[in-house]
Amino acid sequence: MKVSLMFRSFRILVFVSIFAAASCGLGLSWNGTLADSPDASARPSLEVASNTAPSTSVKPADAARVVDNYLRKEALVDADEAARTDDATFLRRVKLDLVGESPTPDEVMDFVLDTDPGKRKDAIQDLLSSAKFGQNWARYWRDVIMYRQSDPRGTVAAPSLLRYLEDKFNAGTSWKEIATEFITAEGDVRENGNTAIYMAHFGNGEEVAAEFSRLFLGIQIQCAQCHDHPTDRWKREQFHELAAFLPRVQVRAVQNDEGPRSFQVISRENNARRRRAQANRRRPTGREHYMSDLEDPSSRGTLTHPKFFVSNRSIPKGETDKRRRNSLAVMITAQSNPWFAKAFVNRIWAEMVGEGFYEPIDDLGPDRQCSAPETMDYLSEQFIAADYDVKWLYETIANTDAYQRASRERRRYTEAAFAANCAQRLRGDQLYDVLTDVLALNTSNRRAGNPRARRNARNAFTAVFGYDPSMPRDELTGSIPQALYMMNASTVTQNVRGNRADSALAKILQEFPENDDAVTELYLRCLARVPSKDEAQTCRDYLAGISNRREGMEDIFWVLVNTAEFLHRR
Amino acid sequence: MKLHRQTHVRLRRGSVVGRRDFLRGISAASLAAGTLGWHDLLTSQAADLQNRGMACILLWMQGGPSQFETFSPKPRHANGGETKAISTSVPGIQIAEHLPNLAEVMDDVAIIRSMTSREGSHPRATSLLHTGYLPTASIKYPTFGSLVTQQITNEACELPSFVRVGNPGRNRTSAGFLGVDYDAFAVTRSGQPPANSRLGVGENRFRRRLNLLDQLQTSGTDGQSDGYVQDHLALYRKASKMILSPQMEAFDISKESQQVRESYGEGNFASGCLLARRLVESGVTFVEVVLNGWDTHQDNFTRVKELGGQIDQPMAQLIRDLKERGMLDSTLIIWMGEFGRTPKINARTGRDHFPRAFNVALAGGGVRGGQVIGATNAAGDEVTDRPVGVTDLFQSFCKSLKIDADAENMSSVGRPITVVDGGEPVNELFS
């Protein structure tokens, strides 16, 4: 025990001196002294890559080099590229991005002191094989779907959606298969998480069609719901032809006396008796979609048959619900439909690099500007070649220079795209997990061991700090209740205290008798980095003015979790 | 330039993707709160209060209040059930027996008995009656409180301009595409201060911490002082200024005399109404007070009688109180829920959802009291005179609050959305 403590203090010493050497006068970035530099000769040439038909998948690290070469050619000519980010910032970034957690002080130190040039690549692979990868991105998609629900009952499907996606992402299921399962979903929504998009809109065909288009194609065709879109090629009729794939899907309450209330997604086909009755009245059998008449909203509208607007393919009239939805899934996920791969690539790229090829991230299409079209084409072709392997895409993006550059303020439109990464606000669940770790809530709190209390605490927290991930990030702002929570909630104010022996701070104060070391440990704990010289001095000055050491450290602890940096990943 | 009360978002120069109409923040105000007490403030602002802009109090009856047991009794028809009608201060206007105090202030109340809509599900109708639009996946329409505070706001007020009192549960409506800046500031229980508004440490220590936070974020960060840090600093200045402000006393109804508190009656809704008056008096633009429990599929008569008891005295006293303080003309009070209830009484002596004909009550804000707009037939199942749609109702709110209903906001998909889409104000309300 004693030995390990000494070793740890020693590591901090080495660590701090390396940091000091890097930041004072050597003109090197922190990682410059330690980390690997990408080997240019290992990059496959552009010609080879672009001539290769996308049939076999390229290794992520190789694909990443090609992506960077494309970007240098088409987006970064004469651009002022940000330097490669330092190891500590990289580790916090990649861990938050991939598994939704911040590294511990030990992890940061181990990583920074590791001299293996391939350590970033290895860290990415390790994180992708963690079960928390699936959990993190399941929560992301839960938010993507549920923040747009048009019926609050949709929330009933949220827990099963989480379980479903967590399993699929961890098992390496392809995005194509996941999308197909969402489109063809049926059954009890509490058991079948892939019913969530139907449930979020209570089976309303027009809403669901709009969401399928937005989520799986990145095309906002719903604007054509009421009028021909002024800046797009899509016609009103085409939106309704998409909705016409879905008139027979229905959400209905499950009748059961036991257990919580539930709903199920079913196909509503007409039974024989109704079919006969309708035949007598010479109406088509089964439910069909009618495009409303804008001049006469109370009339029934125009009978509209299914046709997919991207490929202009239609299916025979009067098909069953199952066949309609299967056909729709096939058409949406077809290799010949470029938007299916592009929508996913664009979204994940934007989450990782800070800006999409298309912005907003769910507004693509032939009439939109792409800031690096060849790069986008290459990445989406390779994503298809990798059989829509979700982890392949994350690994490729995380290995690019574009991802690993230091963060800068969101660019102005005159500046080059992808010259820097961009700070991202943590999503509600990420922030909750970081706060829980930093304040040691699960070990020192009464909540520990009570799953229900923990779930409630998480939900209450994410209700304040969560946001719709599809929202353009520069439109995202903090709110007063968020600030008040971090300032005053007893969860924070009580757990930054060092009066209880088992509290996080008490342990630090005992372990690190020197103030500078304790402050460094607090920085590592909260922000996964050591303080800059100025910051260390500011803290030193602050502590000098306060007679009680513990009180002063409590203040610094409180301040660090209240910084903007704590709420973001840089 | 119009300023909003809550956070101030930096206008990002020439941002590639920014589409929303951000308002530039005011310059960083000092943290030091004034030394004036509540009464000093009131006196010093007395003149301002006289000329201040419009305010709105929405008394939201979650679940769909029965029109027959509130403002549209039908004692002479089987559909009216056992509920009796009582006379009011206005000859010819009768309301349900559960509302004797409101009957006394009927001179100031206008009833619309011919509200009509087609939406009979709680979530969708709650959304419709809060936003004026049916909910969609692609566009999140802002709730009325957000729309109002975005359009009119009181700049001298350090409190949030939109406060929601009570817990609407999962039927909570939000600022939608207007963004969190315009979201309601929630007070879950009216007798308690807003969540996390009390300092976790002494005030001196809190200020000391804020100073250190400022110092660490503005210096020595290697030029990392990005936009998001600037936004964060501005937000913290705003939030801390608010909780250190003497105006926060407005949230503390125990500052009212016992006599005043008693005049509003007992219960959460009563203290919510008193809180609403205090907040509006302090310059808050929009207060929504939520009362749950109106979904009376069973046992309608007992339950609505009890609910009527919860609203009658507080709402009547709110009207009187605002009038005595000279604030009624500039404060619109809206009483409504998401729909009405079926004329036919079901087998469990309950009433089910009925959007086709329901009622809304309005007071203040230039509304001429003592009148009834519209009518239904004897059975109460059809509007027979002067149907008022939801957009007509919202147009009327805008007219009262002097808001341009045709003003456009940009939605996140880049489509302009008017405050109200169509409809005509019910002009009789104001004549």
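What follows draws every value from the coordinates through simple rules; no lab data is involved. On a predicted model such as this, the values are computed, not experimentally measured, just so you know. Here the Cβ is made from the backbone with ideal geometry for all residues, glycine too, and neighbour counts use every protein chain on show.
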Practice problem: Classify region A:154-333 as rounded, prolate or oblate, taking a ≥ b ≥ c as the square roots of the eigenvalues of its Cα gyration tensor: rounded when a/c is under 1.5, otherwise prolate if a/b is larger than b/c and oblate if not. | Solution: oblate
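Please arrange A:Asp433, B:Asp183 by counting, for each residue, the other beta carbons lying within 10 Å of its beta carbon, fewest first.
A:Asp433, B:Asp183
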Self-check item: chain B - mean residue ellipticity at 222 nm from DSSP helices (-39,500 (n - 2.57) per run, n ≥ 4, rounded to 500)
Solution: -9000 deg cm²/dmol
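Taking R0 as 25 Å, what FRET efficiency do you get between A:Asp116 and A:Lys533 from their Cβ-Cβ distance, rounded to the nearest 0.05?
E(calc), rounded to 0.05, equals 0.35.
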Quiz prompt | Burial order of peptide ranges A:157-164, A:207-214, A:514-521 (average beta-carbon count within 10 Å, highest first) | solution = A:207-214, A:157-164, A:514-521
Practice problem: Using a/c under 1.5 as the rounded threshold, could you call region A:428-569 rounded, prolate or oblate? The axes a ≥ b ≥ c are square roots of the C-alpha gyration tensor eigenvalues, and prolate needs a/b larger than b/c, oblate otherwise. | Solution: oblate
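Among B:Asp181, A:Asp541, A:Asp78, B:Asp352, rank each residue by its count of other Cβ atoms within 10 Å, from fewest to most, as a rough exposure measure.
Sorted ascending by nearby Cβ count, the order is A:Asp78, A:Asp541, B:Asp352, B:Asp181.
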Quiz prompt | For region B:383-396, 3J(HN,Hα) per residue [Karplus equation, 6.51 cos²θ - 1.76 cosθ + 1.60, θ = phi - 60°, Hz, x = Gly/Pro] | solution = 7, 9, 9, 6, x, 10, x, 5, 5, 4, 5, 5, 4, 5
Quiz item: Shielding of A:523-534 by partners, i.e. mean partner chain Cβ atoms within 10 Å per residue?
Solution: 1
Exercise. Using label points projected 7 Å from each Cα along Cα→Cβ, tell me how many nm separate A:Arg452 and A:Ser336, to one decimal.
Key: 5.5 nm
Quiz item: Can you give the average number of partner chain beta-carbon atoms within 10 Å of each beta-carbon in peptide B:193-206, as a whole number?
Solution: 5
Exercise. Return the average number of partner chain Cβ atoms within 10 angstrom of each residue Cβ along peptide A:490-503.
Key: 1
Quiz item: Contour minus end-to-end for B:Asp381 and B:Lys305, with contour as 0.36 nm per residue of separation and end-to-end as the Cα-Cα distance?
Solution: 25.2 nm
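Once R0 is set to 41 Å, what does the formula 1/(1 + (r/R0)^6) return for the Cβ-Cβ distance between B:Glu104 and B:Ala156, expressed as a FRET efficiency to the nearest 0.05?
Working from the Cβ atoms, E equals 0.75.
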Exercise. Please give the residues of region A:153-177, grouped as numeric ranges, whose backbone N is less than 11 Å from a label point set 7 Å along the Cα-to-Cβ vector of A:Glu258.
Key: none
Quiz item: Could you give me the ³J(HN,Hα) list for region B:296-313, computed from phi with Karplus coefficients 6.51, -1.76, 1.60 and θ = phi - 60°, whole Hz, x at Gly and Pro?
Solution: 8, 5, 10, 6, 4, 6, 5, 6, 5, 4, 5, 5, x, x, 6, 9, 4, 5
Quiz item: Which shape class applies to chain B: rounded if a/c is under 1.5, otherwise prolate when a/b exceeds b/c and oblate if not, where a ≥ b ≥ c are the square roots of the Cα gyration tensor eigenvalues?
Solution: prolate
Self-check item: Out-of-range pairs (alpha-carbon distance over 18 Å; input B:Lys74/B:Lys305; B:Lys255/B:Lys323; A:Lys235/A:Lys322; A:Lys73/A:Lys121; A:Lys235/A:Lys307)
Solution: B:Lys255/B:Lys323; A:Lys235/A:Lys322; A:Lys73/A:Lys121
Quiz item: Can you give the relative contact order of chain B as a percent, counting alpha carbon pairs under 8 Å and 6+ residues apart?
Solution: 28 percent
Quiz item: Any idea what the dipole of region A:428-569 comes to, in debye rounded to 20, about its Cα centre with Lys/Arg Cβ at +1 and Asp/Glu Cβ at -1?
Solution: 720 debye
Quiz item: So which lysines can A:Lys507 reach, going by Cα to Cα under 26 Å and dropping same-chain residues fewer than 8 places off?
Solution: A:Lys2, A:Lys95, A:Lys533
Quiz item: Efficiency by 1/(1 + (r/R0)^6): what FRET value for A:Glu269 and A:Asp188, r their Cβ-Cβ distance, R0 = 30 Å, to the nearest 0.05?
Solution: 0.95
Self-check item: Extension gain from A:Glu514 to A:Ala463, taking 0.36 nm per residue of separation minus the Cα-Cα distance
Solution: 14.4 nm
Quiz item: Could you give the distance between the Cα centres of region B:137-190 and region A:371-405, to the whole Å?
Solution: 40 Å
Quiz item: What relative contact order, as a whole-number percentage, does region A:296-397 give when Cα pairs under 8 Å and 6 or more residues apart are counted?
Solution: 19 percent
Exercise. Report the one residue of A:Val530, A:Gln430, A:Trp558 whose Cα lies farthest in the direction of the positive end of the charge dipole of region A:428-569 (charges on C-beta: Lys and Arg +1, Asp and Glu -1; origin at the Cα centre).
Key: A:Gln430
Quiz item: Amide H neighbours of A:His289 under 5 Å, counting only residues 5+ apart in sequence or on other chains, H built in-plane at 1.01 Å?
Solution: A:Thr304
Quiz prompt | Per-residue Cβ neighbour rank within 10 angstrom, fewest leading, A:His568, B:His77, A:His240 | solution = B:His77, A:His568, A:His240
Practice problem: Starting with the highest mean, order A:478-485, A:501-508, B:240-247 by the number of other Cβ atoms within 10 Å, averaged over the residues of each peptide. | Solution: A:478-485, B:240-247, A:501-508
Practice problem: Go through region A:153-163 residue by residue and turn each phi into a ³J(HN,Hα) via Karplus (6.51, -1.76, 1.60, θ = phi - 60°); whole Hz please, and just put x for glycine and proline. | Solution: 5, x, 4, 3, 8, 4, x, 5, 4, 4, 4
Exercise. With only Lys, Arg, Asp and Glu charged, each at its Cβ (+1 for the first two, -1 for the last two), find how big the charge dipole of chain B is about the Cα centre; round to the nearest 20 debye.
Key: 960 debye
